[in-house]
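Here is the structure we will look at, set down as structure tokens.
The values are calculated or read from the model by the stated rules, or taken from the named source; none is laboratory data. Since the model is a prediction, treat every value here as computed from it, not as a measurement. All Cβ positions, glycine included, derive from the backbone under ideal geometry; neighbour counts span all protein chains shown. Surface accessibility is based on the protein's heavy atoms, side chains included, excluding ligands, DNA and RNA. Shrake-Rupley method; radii C 1.70, N 1.55, O 1.52, S 1.80 Å.
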There are 2 protein chains.
Amino acid sequence: MSDSLHELAQQLRVDAVRMSGRAGSGHPTSSMSAAELLAVLISNHLKYDWADPDNPANDHLIFSKGHASPLLYAVYKAVGAVTDAELETYRQHNSLLEGHPTPRLPWVDVATGSLGQGLPIAVGVAYGAKRFEGAPSRVWVLCGDSEMAEGSMWEAFEAASFWGLDNLCAIVDVNRLGQSGATRLGWDLGTYGARLEAFGWHVITVDGHDPAAVDAAYTEAAGTTGKPSVILAKTKKGAGVPWVEDQDNAHGKAVERWEEAIEHLGGDRGIAVTPIKPEGAPARPLAGGVTGEVNLPTYELGKEIATRKAYGDALAALGHARQDVVAVDGEVSNSTFSEIFRFAHPERYIECYIAECQMIATAVGLQVRGWRPFASTFAAFLSRAYDFVRMAAVSRADICVVGSHAGSSIGEDGPSQMALEDLASFRAIYSSTVLYPSDASSAAALVAAMADLKGIAYMRTTRAATPVLYEASDSFPIGGSKVVRRSDNDQVALIGAGITLHEAVKAADALAADGINARVIDAYSVKPIDADTVRQAAADCGGRIVVSEDHWPQGGLGDAVLECFADHDGPLHVKALGVADMPTSGKPGELIAAAGIDASAIASAARALVGA
Amino acid sequence: MSDSLHELAQQLRVDAVRMSGRAGSGHPTSSMSAAELLAVLISNHLKYDWADPDNPANDHLIFSKGHASPLLYAVYKAVGAVTDAELETYRQHNSLLEGHPTPRLPWVDVATGSLGQGLPIAVGVAYGAKRFEGAPSRVWVLCGDSEMAEGSMWEAFEAASFWGLDNLCAIVDVNRLGQSGATRLGWDLGTYGARLEAFGWHVITVDGHDPAAVDAAYTEAAGTTGKPSVILAKTKKGAGVPWVEDQDNAHGKAVERWEEAIEHLGGDRGIAVTPIKPEGAPARPLAGGVTGEVNLPTYELGKEIATRKAYGDALAALGHARQDVVAVDGEVSNSTFSEIFRFAHPERYIECYIAECQMIATAVGLQVRGWRPFASTFAAFLSRAYDFVRMAAVSRADICVVGSHAGSSIGEDGPSQMALEDLASFRAIYSSTVLYPSDASSAAALVAAMADLKGIAYMRTTRAATPVLYEASDSFPIGGSKVVRRSDNDQVALIGAGITLHEAVKAADALAADGINARVIDAYSVKPIDADTVRQAAADCGGRIVVSEDHWPQGGLGDAVLECFADHDGPLHVKALGVADMPTSGKPGELIAAAGIDASAIASAARALVGA
């Protein structure tokens, strides 16, 4: 057996070397170190129906070290999923075989290439398969040793053992070398092992180039119950080709004299692996999608309800109607109000503790299994997981993210807890929708809408209770807005969202007292913005617009409004009010006044525009 | 001794309870668990001249659990730094005593409140003090047990032991309870200890409410050489007041019946601690600031040099002239070209490995000690540390951050490696400057300028070699731009930065061949943008502007340009070209063509605007 596995490993190396040699770039040496690890896995352990990647009984194969894509694609060839001709397109424009794997390939669950993400996401996949579905799927993750320095890996190690994910196996390719030199721990498998044991994993140490030993390690991992397993494999980067093997300066480029290297490796083998198919495809007991009508909460007009509370109410209601909706939270569910869902549907709530990267990764992993996750924490702390959100977009993931306690209006806790950049950062995410409701009714309706959106759906909620403005029967289409106040002779338009919409309403009252008619627009959909309504307001109001947002002046609602006027004739007088200086502690009213985004500031700006 | 320390601890509790009771919010219970830990520290171990917080021989006291600010401020009162009257202003508007500590207080090194940041930053402080300066300063960090779930803590634990920072002591207040329930590990000090030992720390376990034991633990920590120490203190949240002690639902709010609680604690003591002053103030051997003229590299016009290479060249040159300049990198110094500095000044280069949060935290910590850090990695991976950058701004930190390999033009590696959101995310950071030079000369000049900027200075560099456009004698003020091409009858203005500036130049050539005069503006300063030049271009060109950027369409250069026209009369026809769809792998030219941001797309857009 070992001989044929060795031959298969050599074939994987040959294909990796050729692919990157032809492309003139790529990571062949990072692939070569793990050739035996993958040869053994796909021959004897991975249960996967390559013709049916959506089979819920399939195992998962996730390359956390995404740069080893030549190895992954060589594996695809060995199991018959891609052809030699397709391998030749590696890294070329329009090829599905990208420099780092993306789900444009049907066998790729999530995009990797930002180190330290594949394992955390795999934890979410394993959670869904085991805890939600009872599926037989095992999750195999190839990790690099360099990425063991990423904190997110340790969030994943802690979470996986805490959740008892014995269907998860991390394979660490300890090839000792990073991009620009040796890793901190080199081949010190003992220290890696001690750390991982202390983190609650079953640790198996192995010579990663010995197929029989690797095979035994996988068997041991698969037989381990109650805890996840990690295989620490001592390997050599560039293994098999002396002039790159265990050498510095051989990272991230084609192997020098790659054709000679292929010869040295023994050339083509033409080995075809017979994949092991999974047994049976279990029904997913909970992931049944929409199973009933959503009975959203209703709120009395004028009553003061925080949008974060409406989020929790609506999510719980959604959970009754849709069995696929699940919630994750960063140990602040009593602040975000995801606890309402947690109490209503404890079996579909996952506490992720103070580990925002793992929280988003869990959500991304769950949607791989077909679940619809809502992830919530303070909006400020979503910035901790920004790279995970960015990569979720590359993964074409469909996730809902909700950030509470946005803006200076949170008050006394001070700026560390105030999201003032979230609208900008989420607007600059591919496939994103950015919502910022001002009242409970619109918040509830938008929560329901989010569950059907493709891509990254983000909602910003408000800490403070604000008056209910809308009826439950009102509709809030994505990309729409609400004109809260208008007349036939409006002189200025006031645009707000969330907390500032209420300030705009107050400002309109004050202006009315001065005889100034102000239109008020609730821009609850920040991306896409309701450009038609915004443009119409400019046309009707002589171009006079005041935008107010509880956010830094850059990248948020103000910029979204200005984007509506890129092509514009006639006067344009947009006064964009945002938080210009670093807030401090204080009462919410004091802080939005100090920031210059409250009713008084809006009214002053409007008066200045109309020349009053 | 223990009796008086117990009394001091009770005083700290009383002050914490009163402060938050009066404020009606805050985190008294999280303060009460650590009262003995702080009482002993400030009485017997912390060496700090409260009248001279800038004394480089001072120890550092960092509250990684920033929400325990009532305890910190109670400490300040005990050592005589603040008065009872000042404590009464806690959490009020304009008070320096904010809900979470910020450096508006002279004794606070960095803002905390986003969990998992204080310790990583303390690692940077300890590195500067010990490795760069040989200062006697010890760094004491109060950590929460909830934040042990943050991956960034484990980046810090690994880095600190690897760097042998025996001047660092982490004090973990294991009070078992988080915000919404118990932590994963509760009071399992054994597991915490095993993990930390495996991470190379000297572990001391102690009853956190026993002053004598705590005192012995500090003595042991201070006497430990070669590795950092961690004190795992078993404590009770809300200790001392039965109706909140070790109770759920007592997080983040005033103690119920707080006046009665003070009575129960024995009321005021009036204890004044006599602080221990540090011995001597050593010179900082390297932090001498500017010591000579900066001899920036010069580049031949027309030669092709990547701006990332110019970054490395300029930083090395800066390092010769300025002894305070240091570099940190996320193990990609051979890509960012910070390796040029690394080779020239190995003693001032810190390899942070693949741990971007710790990289930014190290930079923030070093600037606490007066160093001027430049932190570099792929711009895409700075998104991993976005929360650290956000908090660095709250800390009023002065750091320089440089992201390489920006945009789709990096080519074959694919979207996981392409920063397409960095301009937006860094523009939405308080105190930030955002620079995006297009050639080596301007890049070098701007690197030098960055070293004198306040706040967060960000530069985006380009992977590809691009032609040198400017003379070394040209000047590149922050907030300026370069008009690369202009005539007296320009019909359209083309605005680019970085890679797209070169496309704009090519587009202008193509347009000239069609008889269309195009102005070309190099917007190397994205924030602040050169609004005067942009507006003048609109005035001169009938409002016709094409902006092109290798970035998502939201929040970047396009929005910065549109902000210039918030108040505008007359026609405005801005065509903002950005990367609209998710890029794939491909050649750089193919990808910027596919993205619609190359010379051809710019020229087409310009022709459409002029009606040609």
Size of the A/B contact, given as accessible area buried on both chains, probe 1.4 Å, in Å² | 8600 Å²
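Order the peptides B:522-528, B:220-226, A:197-203, B:149-155 from the highest to the lowest mean number of other Cβ atoms within 10 Å of their residues.
B:149-155, B:522-528, A:197-203, B:220-226
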Chain A, relative contact order in percent, only Cα pairs under 8 angstrom and at least six apart counted | 12 percent
In square angstrom, rounded to the nearest 10, how much accessible surface does residue A:466 have for a 1.4 Å probe?
-> 10 Å²
0 to 90° range, to nearest 10: angle between helix A:189-198 axis and chain A longest Cα axis | 50 degrees
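Per-residue counts of other Cβ atoms within 10 Å, averaged by peptide: what ranking do you get for B:75-88, A:426-439, A:113-126, A:567-580, highest first?
Those peptides, ordered most packed to least, come out A:113-126, A:426-439, A:567-580, B:75-88.
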Amide N of the stretch A:339-380 lying under 18 Å from the label point, which is placed 7 angstrom from the Cα of residue B:188 along Cα→Cβ = A:351-355
Can you pull a Stokes-Einstein diffusion coefficient for the stretch A:301-376 at 20 °C (1.002 mPa s), Rh from Kirkwood over Cα pairs, as a whole number of µm²/s?
-> 173 µm²/s
Across peptide A:374-385, how many C-beta atoms of other chains are within 10 Å of each residue C-beta, on average?
-> 4
How well do other chains shield peptide B:182-193, expressed as the mean number of their Cβ atoms within 10 Å of each residue Cβ?
-> 2
Along the positive direction of the dipole of the stretch B:260-377 (beta-carbon charges: Lys, Arg +1; Asp, Glu -1; about the Cα centre), which of B:344, B:311, B:365 reaches farthest?
-> B:344
With θ set to phi - 60°, apply the Karplus curve 6.51 cos²θ - 1.76 cosθ + 1.60 along the stretch B:563-579 and write out the HN-Hα couplings as whole Hz, x wherever there is a Gly or Pro.
-> 4, 5, 10, 4, 10, 8, 10, x, x, 9, 9, 9, 9, 9, 9, x, 7
List the distances, in nm and shortest first, from the label point of residue B:303 to the matching label points in every other copy, placing each point 7 Å from Cα along the Cα-to-Cβ direction.
-> 7.3
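Calculate the dipole size of chain A relative to its Cα centre from +1 charges on Lys and Arg beta carbons and -1 charges on Asp and Glu beta carbons; express the result in debye to the nearest 20.
The calculated dipole for chain A is roughly 280 debye.
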Virtual spin-label span in nm between residue B:539 and residue A:88, 7 Å along Cα→Cβ = 6.0 nm
Packing-wise, with mean Cβ within 10 Å as the measure, how do A:368-374, B:25-31 rank, highest first?
-> B:25-31, A:368-374
Take the solvent-accessible surface of the protein heavy atoms, probe 1.4 Å, and return the percent of it on the protein assembly as shown that carbon and sulfur atoms account for.
-> 47 percent
Mind checking the per residue accessible area of the protein assembly as shown for me, 1.4 Å probe, whole number of Å²?
-> 29 Å²
With an 8 Å cut-off on Cα pairs and a minimum separation of 6 or more residues, tell me the relative contact order of the stretch B:51-109 in percent.
-> 33 percent
Using amide H atoms built 1.01 Å from N in the peptide plane, name the residues 5+ places from residue B:546, or on other chains, whose amide H lies under 5 Å from its own.
-> B:493, B:494, B:495, B:575
Considering amide H positions built from the backbone, and no H for Pro or chain starts, which residues 5 or more places from residue B:572, or on another chain, come under 5 Å of its amide H?
-> A:568, A:569, A:570
Net dipole in debye of the stretch B:275-375 [+1 Lys, Arg Cβ; -1 Asp, Glu Cβ; about Cα centre; nearest 20] = 300 debye
Using only atoms on other chains, find how many Cβ atoms lie within 10 Å of each Cβ of peptide B:90-100 and report the average.
-> 6
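Would you please classify the overall shape of the stretch A:148-233 from the alpha carbon gyration tensor, given that a ≥ b ≥ c denote the square roots of the eigenvalues, rounded means a/c under 1.5, and beyond that prolate means a/b larger than b/c while oblate covers the rest?
Working: a/c = 2.23, a/b = 1.18, b/c = 1.90.
In terms of gyration-tensor shape, oblate.
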Of A:208, A:38, A:95, whose Cα points farthest to the positive end of the dipole of chain A (charges on the beta-carbon: +1 Lys, Arg; -1 Asp, Glu; origin at the Cα centre)?
-> A:95
To the nearest 20 debye, what is the magnitude of the charge dipole of the stretch A:64-188 about its Cα centre, counting +1 on the Cβ of each Lys and Arg and -1 on the Cβ of each Asp and Glu?
-> 80 debye
With the label set 7 Å along Cα→Cβ, residue A:131 is separated from its counterparts in the other copies, in nm and shortest first, by 3.7
Quick one: Debye curve from the C-alpha atoms of chain B, no solvent, what's log10 I(q)/I(0) at q = 0.05, 0.06, 0.07, 0.09 Å⁻¹?
-> -0.26, -0.37, -0.49, -0.74
Go ahead and collect, in residue order, the members of the stretch B:358-397 whose backbone nitrogen is under 19 Å from a label point 7 Å along the Cα-Cβ direction of residue B:454.
-> B:364, B:367-373, B:390-397
Mind checking which of A:430, A:443, A:480 is farthest towards the positive end of the stretch A:399-486's charge dipole, using Cβ charges of +1 (Lys, Arg) and -1 (Asp, Glu) about the Cα centre?
-> A:480
Test assert for the stretch B:527-572: residues whose accessible surface shrinks by at least 40 Å² between chain alone and all chains, 1.4 Å probe, equal B:552, B:554, B:559, B:562, B:563, B:566, B:569, B:572
On a 0 to 90 degree scale, rounded to 10, what angle separates helix B:151-162 from the longest Cα axis of chain B?
-> 80 degrees
Report the semi-axes of the equivalent ellipsoid for the stretch B:457-557 in whole Å, largest first, where each axis is √(5λ) for an eigenvalue λ of the Cα gyration tensor.
-> 21, 16, 14
Teacher prompt: residue A:291 distances to equivalent labels in other copies, 7 Å Cα→Cβ, nm | 7.1
Let a ≥ b ≥ c be the square roots of the eigenvalues of the Cα gyration tensor of the protein assembly as shown; is it rounded (a/c under 1.5), or, if not, prolate (a/b larger than b/c) or oblate?
-> rounded
May I ask for the angle, rounded to the nearest 10°, between helix A:499-513 and the longest principal axis of chain A, with both axes built from Cα atoms and the value confined to 0 to 90°?
-> 20 degrees
Integer Hz, Karplus 6.51/-1.76/1.60 couplings in order for the stretch B:534-542, x for Gly and Pro = 5, 5, 4, 4, 5, 4, 7, 10, x
Karplus ³J(HN,Hα) for the stretch A:136-142 (6.51 cos²θ - 1.76 cosθ + 1.60, θ = phi - 60°; Hz, whole; x = Gly/Pro) runs x, 4, 9, 10, 10, 10, 8
The alpha-carbon center of the stretch A:394-449 and that of the stretch A:119-159 are separated, in whole Å, by 27 Å
Full-extension gain in nm, residue B:487 to residue B:532, via 0.36 nm per residue minus C-alpha separation | 14.5 nm
Among DSSP beta bridges lying fully in chain A, give the percent that are antiparallel, nearest 5.
-> 15 percent
